[in-house]
Amino acid sequence: MLFALTTLALALVGTVHANPVARSTLTASVDSVSASKDIPVVSLDLGSVSPHGNVTVGTAGVHTSSADAIYPATIFVCRALGCGSCTGYDLSIQPHNTCLGPGFNFVSAYINQPSNQGLPYGVYTGPTGCGSFAQIPQVNTCYDASNYIGADFKLT
């Protein structure tokens with residue numbers, strides 16, 4: 001019996017190690033910029049996920065007739081609190097359901113979307129490994145990571 005349980009445990013450990021999280025390193029579209037001093041800055045806790053499903057919304061809410069207004073949209077991940085010293089990535093070309101890594105740690109993030117219409121998918125940031133996340137709930141708002149150092153993000 002003990003041998004069977006040990007064999008099962010080893011098989012499960014082998015399965016976990018055989019299926020690593022797919023991670024893709026990105027190419028920046030904009031580098032070394034800071035957010036406007038006019039955008040709000042709020043705290044974002046690891047594990048916070050919107051109760052409204054996987055939709056990051058603009059401050060004016062989601063409008064179903066705004067499909068053409070989704071892009072341009074750029075996620076900025078920033079080395080300084082308050083969204084300073086940021087590197088931007090064009091969201092229209094990023095794969096979904098993939099762990100995306102900018103190649104550096106960040107402490108704040110925001111999604112710049114001129115239309116302010118929101119996105120039809122969720123954008124999540126988290127520490128390295130894409131094992132836990134915090135959802136960026138609104139576009140055009142700066143989020144300071146309050147209880148984690150960011151290393152990855154994911155669109156889903």
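Remarks
- Multiplying the residue separation of ASP31 and ASN97 by 0.36 nm and removing their Cα-Cα distance gives an extension gain of 21.3 nm.
- With neighbour counts taken as other beta-carbon atoms within 10 Å, the residues THR74, THR156 rank, fewest first, as THR156, THR74.
The numbers here are math on the coordinates, done by the rules we state, and not lab data. Predicted model, so just to flag it, every value in this text is computed and none were measured. A quick note on method: Cβ atoms are made from the backbone with ideal geometry, for glycine too, and the neighbour counts reach across all protein chains shown.
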